[in-house]
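Let me begin by presenting the structure, written as structure tokens, before commenting on it.
The values are calculated or read from the model by the stated rules, or taken from the named source; none is laboratory data. In this text, all values refer to a predicted model and were calculated from it rather than measured experimentally. All accessible areas refer to the heavy atoms of the entire protein, side chains included, with ligands and DNA or RNA removed. Shrake-Rupley method; radii C 1.70, N 1.55, O 1.52, S 1.80 Å.
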Amino acid sequence: RRFIKSVLNNPCMKQDKVFEIWRISSFAGLVSLKEIDSVNGKLEIGYWLDRTMSGKGIMIKSVRRIIDYSFQKLNMNM
């Protein structure tokens, strides 16, 4: 919980886009776009998943959605 709060409240993270992942009504983890370089159309993806949520396909779905978001909304390069 301290780690999650530090990520969400860190002023340095304001440049990154951090999204919470929820499964039904339970917090499952975070997925983020980091080192966003709009000029060159590139970025990095970071993620963290609660170990109790592992093996449920949650991160695969989350990363697929954030990749789609990156190309469609942020115009990143392929």
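Remark: the chain carries 79 Å² of accessible area per residue (probe radius 1.4 Å; ligands, DNA and RNA excluded). Helix 58-72 versus the longest principal axis of the chain: what angle, 0 to 90°, nearest 10, using Cα atoms? With rounding to tens, the tilt is 20 degrees. In the context of the full protein assembly, Asp68 retains an accessible surface of approximately 80 Å², using a probe radius of 1.4 Å and ignoring ligands and nucleic acids.
Distances longer than 18 Å among the Cα atoms of the chain: what percent of all pairs is that? That fraction is 43 percent.
Proximity of backbone amide H atoms, modeled 1.01 Å from N, is registered between Lys34 and Glu44, Ile45, Gly46 at under 5 Å, excluding neighbours fewer than 5 places apart on the same chain.
Solvent-accessible area assigned to carbon and sulfur over the chain amounts to 49 percent, based on a 1.4 Å probe. Top mean-square fluctuation among Ile24, Ile60, Ile45, Gaussian network model of the chain, C-alpha springs under 10 Å? Of Ile24, Ile60, Ile45, the Gaussian network model singles out Ile24 as fluctuating most.
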